[in-house]
Amino acid sequence: MSAIFRAHRKVFGSNAVTCGARFTYAFFPAKPASAIILPEVMDMKTKILSLALVTTLVLALVPFAAPAAQAAPPAGSIIQDPNFYAAVLEIIGESDGYVITPADVSWITVLNVLDKGISSLAGIEYFTALETLYCGSNNLTTLDVSNNAALKSLGCWDNQLTTLNVSGCTALEMLWCQNNELTALNVGNNTALEVLYCVSNQLTALDVSGCTALESLTCSRNQLTALDVNNNTNLETLNCGYNQLTTLNVSNNTKLVDLSCWDTQITVLDVSKNTALRSLSCDSNQLTVLDVSNNTKLETLYCYYNQLTALNVSNNTALIYLWCTSNQLTTLDVSKNTALEVLYCGSNQLTTLDVSNCTVLDSLQCSGNKLTILDVSKNTKLETLYCYHNQLTALDVTDLPLEGLSCFSNNLPNKAAVKGFTGTWGAVNEWGQEKYTYDPQNVTQIPEPADPSPSPSPSPSPSPSPSPSPYIPPTPSPSPSPSPTPSPSPSPAPEENTVTVEADDEGSATLTNAQLNAIKQGKVKIEVSFKEEESKPAATVAFSEAAAKQLVSDATGGGVTVSLKAADLTPEQAGLVGDRPIYTLTVTDANNRVITRFGGNVTVTVPYTLQPGEDPNAVVVYYLSASGKLEIMTGRYDETKKAVVFITTHFSTYLIGYNPVRFNDAASWGNEHVAFVAARKLFNGDEKKNFNPNKSITRAEFVAVLRNFDSADLSQYTQNSFADAQGNWYTAPIAWAERNGILGSYADSDFRPGEAISRADMAYMLYNFLQYKGFELEKAREITFSDIADVPAYAREAVTALAEGRVLSGRGSLFDPNAATTRVEAAAMLAMLIRALTP
């Protein structure tokens with residue numbers, strides 16, 4: 001199996017790769033246009049590889065079409081699901097009305113029914129010769145293939161499976177059941193299993209002790225509290241990240257090449273017997289010790305966000321990538337790591353760092369340490385250098401091909417102390433500050449650069465403007481929130497302070513005088529439910545307290561009607577959304593007067609089924625502006641609810657659209673968040689279509705992101721009060737932020753637009769922005785950072801509120817208020833905020 005698996009990786013690239021040790025993807029085939037029967041002379045593994053190659057070529061030439069509605073199968077047919085019936089008819093060459101018998105399907109060895117809209121595979125038991133079944137991306141809730149004893153390969157990903165029975169499949173070699181709703185998976189009888197990919201389910205336990213042939217196990221993003229792989233001595237790839245493991249014993253897995261156990265709760269990890277290991281991701285755990293001295297083949301090591309006090313990598317001479325940020329390291333010797341290309345060792349307690357032997361080093365991040373000297377003269381290939389928040393008095397980067405430099409908050413007296421930098425100061429996220437607070441006596445505690453005043457002034461009341469809502473950059477947690485896809489649960493019972501009303505068959509719901517009076521007397525929220533009709537989708541519209549009060553106040557004549565109607569678009573507008581839902585929401589009072597805007601937020605939930613191949617991060621909501629333009633607003637696809645949820649402050653025509661954005665330089669852990677914010681036009685890439693995930697975000701750039709959330713018209717914002725923020729692209733966004741209270745009040749005349757924004761300042765600006773927009777975060781947890789006293793007084797309320805709302809994360813037990821934030825961290829937190837605002 002290992003040879004064919006490596007062949008998968010070679011032929012199919014990203015379909016079977018280890019991506020920076022973050023996610024390991026076992027091979028699974030793309031969606032073919034129809035089932036393909038391969039010659040019987042091929043062995044099974046060759047068939048699988050050939051099938052996938054043919055599939056990929058077919059898909060490149062044939063556009064996918066959504067399955068059409070099918071006629072009901074005739075009585076007596078062994079298959080009764082209309083879409084399954086139609087797919088099988090195509091394979092056996094019969095037409096509608098034909099009664100399918102067991103003999104008609106007993107010869108089929110490969111069955112591909114991906115994306116056919118199938119709800120049931122009842123009848124699959126008659127496919128007695130079946131060796132390969134691909135039934136992913138359908139509507140299956142249960143799947144029983146226990147009678148298909150010849151089955152060797154099963155792909156049932158992206159359904160809504162709550163049960164999967166493979167007990168009789170003793171020949172099964174490959175199983176892909178990711179992105180379902182499985183709470184249990186019994187593979188005890190599948191002793192031939194070589195590849196198991198069960199990511200993003202709800203598994204609380206997984207017994208693979210009988211799967212002694214297993215070579216690749218990917219069970220990340222479940223709810224596992226224990227995982228025993230002692231019997232799996234052939235295991236080469238193990239990814240069990242984002243579970244609830246406290247221990248992991250891999251001492252018997254001596255063939256292990258890739259190990260990912262990130263973001264669990266492991267306190268001890270012994271990899272001394274795993275001498276074949278090339279990639280190790282154990283970041284975001286609770287490790288105090290990590291011994292990799294026996295792992296001499298190690299090329300990639302991610303161990304950041306632990307509690308390591310020492311790390312010896314002197315034996316790891318093959319090491320190319322090392323991320324050990326946010327630990328408690330006082331020393332780090334990389335003199336033997338001459339192959340090192342990327343070194344991230346920031347937020348430790350290093351007083352010295354010798355990288356003179358790392359001559360191929362491309363990227364160095366050593367910020368947030370106690371370095372007084374940094375010699376990079378031998379690093380002639382260095383393109384990115386982050387050394388901010390240290391105690392450097394001089395820095396020489398002469399003749400280095402630097403594209404990004406961040407060295408603020410050191411003891412550098414002026415720009416002349418940085419020799420040899422030829423970039424444009426303040427234009428590409430480097431140091432960038434013309435003036436900053438500097439105390440020559442203060443060498444142990446980095447001074448704050450001209451902070452905003454400690455007492456933030458109150459933000460103005462929110463202006464009614466339909467748009468997305470932002471977020472604040474945190475700690476680089478590999479994946480801030482788990483994404484198992486639970487089964488859709490019924491809507492919760494309405495709160496006692498909520499008036500509920502259901503729409504009629506015409507799509508209109510009327511609040512009576514009695515209900516309006518009840519709202520005035522204290523029942524201040526409104527929830528309206530619309531039925532699903534042929535011409536319009538089902539929806540729920542929930543008015544916040546502020547919106548409900550404003551609605552009652554504005555209504556005249558007694559009674560208010562909320563309506564959901566089908567909408568017409570121009571061909572150009574329709575081209576953006578295809579056949580996705582389009583609808584218009586209106587509110588009228590008893591005098592037929594249209595109420596378009598509210599003094600608070602309204603949350604709209606619309607059931608939506610992802611179309612084949614759609615990335616949920618790229619599903620967006622548009623509203624049709626008065627000028628006829630389609631504008632992206634605050635919204636997202638909720639995988640739990642199987643619905644699109646968005647927030648608005650006014651009613652208009654809304655459309656569900658799809659806006660995928662791809663960058664050339666993928667981040668190591670935040671790809672889904674980058675895709676999420678880019679789809680909403682919050683971030684752009686550079687002229688080379690790079691996102692630059694590891695560059696710091698500047699103060700001006702963050703203000704621009706907040707403005708993108710607001711979709712504010714900048715034509716009225718031409719002047720700001722900062723001497724260093726005039727005559728540039730950021731002049732108007734900063735003026736917008738200043739005028740709307742997002743910046744608070746400043747004691748300094750400089751804004752420092754090109755300086756990387758500190759975590760404290762970003763929290764402060766974001767918190768003011770949320771108040772300006774009228775957005776409220778629910779308190780989801782109690783949290784206290786051990787360094788909260790180091791957070792400037794003006795930002796403490798903001799930091800606490802955002803952390804308790806699951807928007808802002810710490811670095812271990814620290815908040816690290818003075819540290820800068822990378823673009824990928826900012827993207828992750830922006831995505832988390834939108835999710836927090838659209839529960």
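The values are calculated or read from the model by the stated rules, or taken from the named source; none is laboratory data. For clarity, every value in this text was computed on a predicted model and none was experimentally measured. Because the Cβ atoms are built from the backbone with ideal geometry, glycine has one as well, and the counts that use them run over all protein chains shown. Note: areas computed on protein heavy atoms with side chains; ligands, DNA, RNA excluded. Shrake-Rupley method; radii C 1.70, N 1.55, O 1.52, S 1.80 Å.
I'm told residue 724 meets every condition in (1) in contact with a Pro (Cβ under 7 Å, 6 or more places away or on another chain); (2) part of a helix (DSSP H, G or I) except one. Can you identify the failing condition by its number?
Among (1) in contact with a Pro (Cβ under 7 Å, 6 or more places away or on another chain); (2) part of a helix (DSSP H, G or I), residue 724 violates only (2).
Conditions first: (1) of a type outside the set (Phe, Trp, Tyr); (2) farther than 25 Å from residue 235 by Cβ; (3) in contact (Cβ under 8 Å) with a residue 60 or more places away in the chain. Residue 131 passes all but one, so which condition is the exception?
With (1) of a type outside the set (Phe, Trp, Tyr); (2) farther than 25 Å from residue 235 by Cβ; (3) in contact (Cβ under 8 Å) with a residue 60 or more places away in the chain applied to residue 131, the lone miss is (2).
Looking at region 161-169, can you tell me whether even one residue there is touching a strand residue (DSSP E or B) at 6+ places or on another chain (Cβ under 7 Å), within 25 Å of residue 251 (Cβ to Cβ) and assigned to a loop (DSSP other than H, G, I, E, B)?
No, region 161-169 contains no residue that is touching a strand residue (DSSP E or B) at 6+ places or on another chain (Cβ under 7 Å), within 25 Å of residue 251 (Cβ to Cβ) and assigned to a loop (DSSP other than H, G, I, E, B).
Restricting attention to region 347-369, report how many residues are free of Cβ contacts under 8 Å to residues at least 60 places away in the same chain and either open to solvent by 30 Å² or more (accessible area, probe 1.4 Å) or over 21 Å from residue 315 (Cα atoms) (or both). Steps first, answer last, please.
Initial filter on region 347-369 (free of Cβ contacts under 8 Å to residues at least 60 places away in the same chain): 348-362, 364, 366, 369.
Next, only the ones that are either open to solvent by 30 Å² or more (accessible area, probe 1.4 Å) or over 21 Å from residue 315 (Cα atoms) (or both) stay: 348-349, 351-352, 354, 356-357, 359-360, 362, 366, 369.
Within region 347-369, residues that are free of Cβ contacts under 8 Å to residues at least 60 places away in the same chain and either open to solvent by 30 Å² or more (accessible area, probe 1.4 Å) or over 21 Å from residue 315 (Cα atoms) (or both) number 12.
If I filter region 517-533 down to residues being over 33 Å from the mean Cα position of the chain (by Cα) and either in a helix (DSSP H, G or I) or at negative phi (or both), which single residue comes out as modelled with the lowest pLDDT? Outline the logic, then answer.
Initial filter on region 517-533 (over 33 Å from the mean Cα position of the chain (by Cα)): 517-524.
Among the residues that remain, those that are also either in a helix (DSSP H, G or I) or at negative phi (or both) are: 517-521, 523-524.
Numbers: 517: 77, 518: 76, 519: 77, 520: 73, 521: 70, 523: 57, 524: 71.
Checked region 517-533; the qualifying residue modelled with the lowest pLDDT is 523.
If you scan region 707-718, which residues turn out to be within 33 Å of the chain's Cα centre (by Cα) and touching a residue at least 12 places away in the same chain (Cβ under 8 Å)?
If we filter region 707-718 for residues that are within 33 Å of the chain's Cα centre (by Cα), which is where we start, we get 707-714.
Scanning region 707-718 gives 707, 708, 709, 710, 711, 712, 714.
Any idea how many residues of region 276-315 are of a type in the set (A, V, I, L, M, F, W, C) and not in a loop (DSSP other than H, G, I, E, B)?
Step one: of region 276-315, the residues of a type in the set (A, V, I, L, M, F, W, C) are 276-277, 280, 282, 287, 289-290, 292, 298, 301, 303, 308, 310-311, 313.
Add one more test, that the residue is not in a loop (DSSP other than H, G, I, E, B), and what stays is 280, 301.
Of the residues in that region, 2 qualify.
Can you name the condition, by its number, that residue 265 falls short on among (1) surrounded by 15 or more Cβ atoms within 10 Å (Cβ to Cβ); (2) of a type outside the set (Val, Ile, Thr); (3) closer than 21 Å to residue 288 by Cα; (4) without any contact (Cβ under 8 Å) to a residue 60 or more places away in the chain?
Only one criterion is unmet by residue 265, namely (1).
Going through 782, 778 one at a time, which residue ends up being on the phi < 0 side of the Ramachandran plot, in contact (Cβ under 8 Å) with a residue 12 or more places away in the chain, surrounded by fewer than 22 Cβ atoms within 10 Å (Cβ to Cβ) and under 22 Å from the mean Cα position of the chain (by Cα)?
On the way: 782 fails: under 22 Å from the mean Cα position of the chain (by Cα).
After ruling out the rest, the residue left standing is 778.
Just to verify a result, which residue in region 494-514, among those that are touching a Gly at 6+ places or on another chain (Cβ under 9 Å) and not in a loop (DSSP other than H, G, I, E, B), is modelled with the lowest pLDDT? Lay out the reasoning, then the answer.
Quick first cut of region 494-514, residues touching a Gly at 6+ places or on another chain (Cβ under 9 Å) only: 497, 510-513.
Next, from what is left, pick out any that are not in a loop (DSSP other than H, G, I, E, B): 510-511, 513.
Values: 510: 87, 511: 84, 513: 76.
If we take residues in region 494-514 being touching a Gly at 6+ places or on another chain (Cβ under 9 Å) and not in a loop (DSSP other than H, G, I, E, B), then 513 is modelled with the lowest pLDDT.
Can you tell me which of 760, 737 is touching a Leu at 6+ places or on another chain (Cβ under 8 Å), open to solvent by less than 10 Å² (accessible area, probe 1.4 Å) and among the aliphatic types (A, V, I, L, M)? Break it down into steps so the answer makes sense when it comes.
Numbers: 760 fails: touching a Leu at 6+ places or on another chain (Cβ under 8 Å).
On inspection, the qualifying residue turns out to be 737.
Return yes when residue 257 is out of contact with any Phe, Trp or Tyr (no Cβ under 7 Å at 6 or more places or on another chain), open to solvent by 10 Å² or more (accessible area, probe 1.4 Å) and either among the aliphatic types (A, V, I, L, M) or within 28 Å of residue 340 (Cα to Cα) (or both) and no when it is not.
Numbers: out of contact with any Phe, Trp or Tyr (no Cβ under 7 Å at 6 or more places or on another chain): yes; open to solvent by 10 Å² or more (accessible area, probe 1.4 Å): yes; either among the aliphatic types (A, V, I, L, M) or within 28 Å of residue 340 (Cα to Cα) (or both): yes.
When the stated conditions are applied, residue 257 passes them.
Since residue 222 meets every condition but one in (1) under 22 Å from the mean Cα position of the chain (by Cα); (2) closer than 22 Å to residue 670 by Cα; (3) free of Cβ contacts under 8 Å to residues at least 24 places away in the same chain, which condition does it not meet?
With respect to (1) under 22 Å from the mean Cα position of the chain (by Cα); (2) closer than 22 Å to residue 670 by Cα; (3) free of Cβ contacts under 8 Å to residues at least 24 places away in the same chain, residue 222 is out only on (3).
Quick one: is residue 709 out of contact with any strand residue (DSSP E or B) (no Cβ under 7 Å at 6 or more places or on another chain), closer than 26 Å to residue 634 by Cβ, open to solvent by less than 10 Å² (accessible area, probe 1.4 Å) and in a loop (DSSP other than H, G, I, E, B)? Walk me through how you get there before you give the answer.
On the way: out of contact with any strand residue (DSSP E or B) (no Cβ under 7 Å at 6 or more places or on another chain): yes; closer than 26 Å to residue 634 by Cβ: yes; open to solvent by less than 10 Å² (accessible area, probe 1.4 Å): yes; in a loop (DSSP other than H, G, I, E, B): no.
No; evaluated as a whole, the condition is false for this residue.
Matching residues to (1) in a strand (DSSP E or B); (2) under 19 Å from the mean Cα position of the chain (by Cα); (3) not aliphatic (A, V, I, L, M):
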position	(1), (2), (3)
641	no, yes, yes
647	yes, no, no
662	no, yes, yes
675	no, yes, no
684	no, yes, yes
688	no, no, yes
700	no, no, no
705	no, yes, no
720	no, no, yes
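Among the residues of region 74-124, how many are among the small types (Gly, Ala, Ser), outside any loop (DSSP other than H, G, I, E, B) and more than 17 Å from residue 155 (Cα to Cα)? Spell out how you get there, then give the answer.
If we filter region 74-124 for residues that are among the small types (Gly, Ala, Ser), which is where we start, we get 75-77, 86-87, 93, 95, 97, 103, 106, 117, 119-120, 122-123.
Within this subset, residues satisfying the condition of being outside any loop (DSSP other than H, G, I, E, B) are 86-87, 103.
Now narrow it down to the ones that are more than 17 Å from residue 155 (Cα to Cα): 86, 103.
Number satisfying all stated conditions: 2.
Out of 594, 577, 562, report the one residue that is at pLDDT 80 or above and under 38 Å from the mean Cα position of the chain (by Cα).
Numbers: 594 fails: under 38 Å from the mean Cα position of the chain (by Cα); 577 fails: at pLDDT 80 or above.
Exactly one of 594, 577, 562 is at pLDDT 80 or above and under 38 Å from the mean Cα position of the chain (by Cα), namely 562.
Could you grab the pairs with beta carbons closer than 7 Å, sequence gap of 6+ or different chains, first residue in region 571-595 and under 19 Å from residue 609 (Cα atoms), second one in a loop (DSSP other than H, G, I, E, B) and at pLDDT below 80?
581/537; 582/567; 582/569; 583/537; 583/567
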